[in-house]
Amino acid sequence: MDRRTFMLLTGAATLLPVQRPRPRRALGNLRFDLDDQRRLALWYNAPDRSIPLLRNAALGVWIGDTLATLADLEDVSVGNRRPPGGESLVIRGRATAGVWIEAEFLASDSDARGAITVTVYPDRVLATIRGIRFFATSEPQVLPGDGPLMALVSGYQSWSACGVTQLPADATSYGAIGLTRAGHGIAAVWDPGEAGEGKVKLAADGSLDAVSEWQPARPVRSDGDGATLRIAYVPSGDGLAALSAAATPASSVDRERVAALTVPTGWCSWYELGPAVTEGDMLANVDFCAAHFDRRFLRYIQLDDGYQRAAGDWDMNAKFPHGHRWLTDRIHAAGFQAGLWIAPFAVAEGSDVARANSAWILKGPPPEGTPLVMDTREPWGGSILALDGAHPGAQQWLYDLARRVVREWGYDYLKIDFLEWATAGVTHYGGLTRAEAYRSGLSALRAGLGTEAFLLGCGAPLQHAAGMVDGMRIGDDVDASWNGIQSPARAAALRSFYHRSVWLNDPDCLVVRPPLTLDEARVWASVVALSGGMCVFSDNLPKLAVERLPLLQKTIPVASRTTSAPHPLGTQGDQPEVAPAISAGDTLVRLRAPWRFRTGDDARYAARDFDDDAWETIPVPRTWEQAGHPDYDGSAWYRTRFTLPAAPTDSVHLELGKVDDVDETFINGVKVNWEDEPRTVAQSLAALGIAAAGARFVAYDVWGETPMADVQQTLAATIQPHSTLVVALRPSAARPQIIGSTRHIVQGTIDITDERWDAATRTLGAQSANLDGRPYAVTIAVPRGLRARTCKSAVACTVRRLKSGHAVIEWPAGTTANVDWSVTFGSAARR
C-alpha cells in the first residue's frame, strides 16, 4: 500500500519522526583537492557547478608530541588510484620523525560519498604515534549558503547525551558528526577497528578539528597502522540525512549480516522489577506473555540484573533456586526464546576471578598502579573492578563465559552492559590502546557466543562496537515518567542513522505504566514503533492496567522491512537547544555560567539572598553524573544569578530544558508554576517530500482510530500537552480506499496486503494478515455518491457507516488467521 505514517509530538523533544523514503542521494559526487601547501579542500561537483564544502584543512599525524602535516613531508609522491566504484587521490611522503605517511582521498563515482584513509608506516624506527588529524580548519564557511551552522553532536557511549548545537560552540562529538546549513548536510563517520578513537572538537572560535586519538600513545606497528573517516554530503537535506549516507559498513559481509537480522521484540525484567526480580516473577511474566501476545510477534524473554551471585560470578543466587538451564527450558517450553543480561568486564574485588588473576585487572597510574574501582555496588559484591580486554587470559575467560551462556545455560540472546569500563585504565596489556583493548574483549565475547545468538551492547563506546554486536542501546535509560522518556526519545531520532546501517538500534524498553498518563505512554510507544528499532516491554505485566495492554500490542511486530524506512525530520532546524536561558522576544540570555551546586535538600536554598559562595561550581546543561557526581542519586540544588534583558517588549520566558526526574524552580524566592499549553502545528507536506501540486491526501488518526479531514498542502492540528498525534496519509483516489486500521501504530506495513478494486462490481477487497486476536477494524474512505453495502469474509464482519461518509469494517476478538475480505458499494440514496 502507498501509505505513510507520520508522528507529531508536543511537549517532548523537538523532533518529527516520519515514516517515509530517505532523501535521495546527490546526483553529483565529491572531489578532493590539495593546494600548494598540501591543505585539503572538499568540493561537491553538481551537474552545473562545483560547490565548496570544506577549505584550507590541515591533515597530519602526531608523532610523539610533534604534529607532522602533509606540508612537512619529504620525498613526496602524488598519484591516483581507481578502486572499484570510485577514484582516489593519494599522497605519500616521509616525515623527519621516522615514519612514512600515506593519505588517500576516495570519491565515489555514483554519489556524494567519499573517505579519507591515513596510514602510517615505520621508517627505520617504530615511532610512537599519539593520533591522526584528518582535517582541521578555522574557515567560517563550512557548507554553502547563509544561516547558522548546526552540529549534531554525539556523546562517547550509549548513555551519553546527543544533541544539536549551533556553532560556534565548545563541544566534542565522538565517532560521528553531522553538520547542517541552509538545507545542506555533511557528515563524517569513523570506521571501527583502528587504534584510535574518532572525535570532532568544536571550539568557540569556529574551528573544527577531526582527529583519531590514541590513548595511550603506542609505537607504530611494523606493518603500519591506519584509520578511515567516511564522508557524505546531501545538497538537499540535513546532517542526519548525511549521517545515514555515511554510516555504511565498508565490508559487504557486515552489510549483509545487518540486513539479514530480525529486529528483536520481547520482555525484559529490569524497568519495574529491577534487582529484586525472582524466579517466580519471571515465570509469572512468561505466562502473561503466552496468554496475551502472539508468539509470532513477541520473541524474547530477557532476565536482567538481580539474578547473579556477584559481578564475575554469573551463576544464579538464592532467588533462582533452579538455575539457568531450568529457567531457559521453561521459557522455551512456552514458545519464546531466552535472553540474559551480564556486565562482562565487571568483576567484584572479592570474586575468584579477580583474586586469582590480578594481571587481568585494569589499574590506575603508576607508581601505585592499584586496581581501578569502577563502582561500589553491594548487590554485585562490593567494589567493582574491570577486566583488561587486551589480556589473553581475560579474553579466554570472556570467550568461555559467552560460550557457557549459550551452550550450558541455553540462552539465545545476550545483553552485555557497562562496556565503557573496558576502556578505563592508563595502560593495557601488550601496549594496546584502549580502543584496541575494548574491541579485543568484544571480539572474544562475540566468538564465544557464536553467530546464531543475538548480541546486544549497552553502556558501550559506539565506534568500536560496530561489527561486533547485532544491536546497540543508543540512548539513556528510560523511566516510566514524562521526563524519563525525553532523552531516549531524542536519541532515537538523533542516532537513527546507525539503525540497519551498523546494527539494530535499541531505543530502550517500552514502558507504559503510571505515573505515565495514557497520552504520555502513547508518545513513547509511538517513538519506539516508528523508529523501527527493538521493541522490548519492561513493565511487570501481570500488574499492568488492562487499558494499557493494547499500547504494547499495537507496536509488534516491528515494522522495519519496508520500502518506506523510518527517517526523522526537523531535528536540525533553526531552533537549537538554548536551555538554560532567558528569552524576551528576539533577545536571548544564556544561563550557562556560573552555576552553584549542592547535593541534598534544604528549604533555605530557595531564598533570593541565600549565600551560596561556598558551593561548588558546576557546568550546565550537563548532568551532575557527568560533572563529578557519577554515583549520586537524590535531590540537589542549582543556583545562578542573571539580569533580565533591558526593557523587554514581550513576555519573558525561562527555558530550563530537560530535568531528570522532577524539579521545583524558584525565581527571587518565588516558586515557579510551570504551565503546558496546547501547541498548534502546521506541517508542510512539500517539506516531507510527498506533496505534488494540487495533490490531496486522505488522513487517519492512528491513536484515535478515526478518519480526519483530507489534507492538501499542509497538515494542521492542535496537539494537547504531553501527547502525540500519529497520522497515516495516503494519496486520495476516486474510488473507495483503505485509510487506516486498528492493528498497528505503523500503518500500511503490517496487516493490509493485496488491496484491489473491481470497478465493474464496485467491490473493494484485501487481505488482513498478522492479526493478533484483538477486535479489529479497517476504515475506508468512500467517495461522494457511493455507500458501503455488505462485507464478506471467512470470519463474520460487519459494516458501520460514519457521518463523514467513511465506512468501518469490523471483526470480533479471536481472529488470528489471515482474512480475505471484500466490501461491495452501491449508489448513495439522494435526500
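Results for (1) surrounded by fewer than 21 Cβ atoms within 10 Å (Cβ to Cβ); (2) touching a Cys at 6+ places or on another chain (Cβ under 9 Å); (3) more than 20 Å from residue 286 (Cα to Cα); (4) not aliphatic (A, V, I, L, M), shown as yes or no for each residue.
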| residue | (1), (2), (3), (4) |
| --- | --- |
| 309 | yes, no, yes, yes |
| 313 | yes, no, yes, yes |
| 323 | yes, no, no, yes |
| 333 | yes, no, no, no |
| 336 | no, yes, no, yes |
| 346 | no, no, yes, no |
| 349 | yes, no, yes, yes |
| 352 | yes, no, yes, yes |
Would you check if there is a residue in segment 691-704 being touching a residue at least 60 places away in the same chain (Cβ under 8 Å) and open to solvent by 40 Å² or more (accessible area, probe 1.4 Å)? no
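Out of everything in segment 197-212 that is open to solvent by 40 Å² or more (accessible area, probe 1.4 Å) and either within 24 Å of the chain's Cα centre (by Cα) or not acidic (Asp, Glu) (or both), what residue ends up being modelled with the highest pLDDT?
Filtering first and then ranking leaves 201.
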Given (1) open to solvent by 50 Å² or more (accessible area, probe 1.4 Å); (2) under 32 Å from the mean Cα position of the chain (by Cα); (3) of a type in the set (A, V, I, L, M, F, W, C), number of the condition residue 759 does not satisfy: (2)
Could you tell me whether segment 172-183 includes any residue that is open to solvent by 20 Å² or more (accessible area, probe 1.4 Å), closer than 21 Å to residue 459 by Cα and modelled with pLDDT of 90 or more? yes
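Please pick out the residue among 89, 106, 73 that is of a type in the set (A, V, I, L, M, F, W, C), farther than 21 Å from residue 218 by Cα and open to solvent by less than 20 Å² (accessible area, probe 1.4 Å).
Values: 89 fails: open to solvent by less than 20 Å² (accessible area, probe 1.4 Å); 106 fails: open to solvent by less than 20 Å² (accessible area, probe 1.4 Å).
So the residue among 89, 106, 73 that is of a type in the set (A, V, I, L, M, F, W, C), farther than 21 Å from residue 218 by Cα and open to solvent by less than 20 Å² (accessible area, probe 1.4 Å) is 73.
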Limited to segment 587-610, what total is found for residues that are in contact (Cβ under 8 Å) with a residue 24 or more places away in the chain and either in contact with a helix residue (DSSP H, G or I) (Cβ under 8 Å, 6 or more places away or on another chain) or assigned to a strand (DSSP E or B) (or both)? 8
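Please verify whether residue 752 is touching a helix residue (DSSP H, G or I) at 6+ places or on another chain (Cβ under 7 Å), among the β-branched types (Val, Ile, Thr) and open to solvent by less than 20 Å² (accessible area, probe 1.4 Å), treating the condition exactly as stated. Give the derivation first.
Working: touching a helix residue (DSSP H, G or I) at 6+ places or on another chain (Cβ under 7 Å): no; among the β-branched types (Val, Ile, Thr): yes; open to solvent by less than 20 Å² (accessible area, probe 1.4 Å): yes.
Spelling it out, it is not the case that residue 752 is touching a helix residue (DSSP H, G or I) at 6+ places or on another chain (Cβ under 7 Å), among the β-branched types (Val, Ile, Thr) and open to solvent by less than 20 Å² (accessible area, probe 1.4 Å).
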For residue 504: the one exception among (1) open to solvent by 10 Å² or more (accessible area, probe 1.4 Å); (2) touching a residue at least 24 places away in the same chain (Cβ under 8 Å): (1)
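Given the criteria among the hydrophobic types (A, V, I, L, M, F, W, C), under 24 Å from residue 552 (Cβ atoms), open to solvent by less than 40 Å² (accessible area, probe 1.4 Å) and at pLDDT 95 or above, does residue 303 qualify? First the steps, then the outcome.
On the way: among the hydrophobic types (A, V, I, L, M, F, W, C): yes; under 24 Å from residue 552 (Cβ atoms): yes; open to solvent by less than 40 Å² (accessible area, probe 1.4 Å): yes; at pLDDT 95 or above: yes.
So residue 303 fits the description; yes.
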For segment 214-241: of the residues being surrounded by fewer than 24 Cβ atoms within 10 Å (Cβ to Cβ) and out of contact with any Ser or Thr (no Cβ under 9 Å at 6 or more places or on another chain), which is modelled with the lowest pLDDT? 236
What single numbered condition from (1) of a type in the set (D, E, K, R); (2) surrounded by 15 or more Cβ atoms within 10 Å (Cβ to Cβ); (3) more than 19 Å from residue 689 (Cβ to Cβ) fails to hold for residue 730? (3)
Looking only at residues that are in a loop (DSSP other than H, G, I, E, B) and either polar (S, T, N, Q) or at positive phi (or both) in segment 242-263, which one is modelled with the highest pLDDT? 262
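Checking the conditions here, which among 278, 248, 262 is β-branched (Val, Ile, Thr), out of contact with any helix residue (DSSP H, G or I) (no Cβ under 6 Å at 6 or more places or on another chain), open to solvent by 20 Å² or more (accessible area, probe 1.4 Å) and more than 25 Å from residue 528 (Cβ to Cβ)?
Numbers: 248 fails: more than 25 Å from residue 528 (Cβ to Cβ); 262 fails: more than 25 Å from residue 528 (Cβ to Cβ).
Just a single option satisfies the conditions, and that option is 278.
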Taking segment 494-537, which residues are in contact with an Asp or Glu (Cβ under 9 Å, 6 or more places away or on another chain) and either among the acidic types (Asp, Glu) or on the phi > 0 side of the Ramachandran plot (or both)? 508
Would you please list the contacts, defined by Cβ atoms under 9 Å and residues six or more apart or on different chains, that run from a residue in segment 472-488 that is under 16 Å from residue 498 (Cα atoms) and without any contact (Cβ under 8 Å) to a residue 40 or more places away in the chain to a residue that is part of a helix (DSSP H, G or I) and open to solvent by 10 Å² or more (accessible area, probe 1.4 Å)? none
Kindly indicate whether residue 557 is farther than 29 Å from residue 156 by Cα, open to solvent by 20 Å² or more (accessible area, probe 1.4 Å) and not in a helix (DSSP H, G or I). yes
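The values are calculated or read from the model by the stated rules, or taken from the named source; none is laboratory data. Keep in mind that this is a model prediction, so the values were computed, not measured. Heads up, the Cβs are rebuilt from the backbone with ideal geometry, glycines too, and the neighbour counts pull from every protein chain shown. In case anyone asks, the SASA skips ligands and DNA or RNA and just uses the protein heavy atoms, side chains included. Shrake-Rupley method; radii C 1.70, N 1.55, O 1.52, S 1.80 Å.
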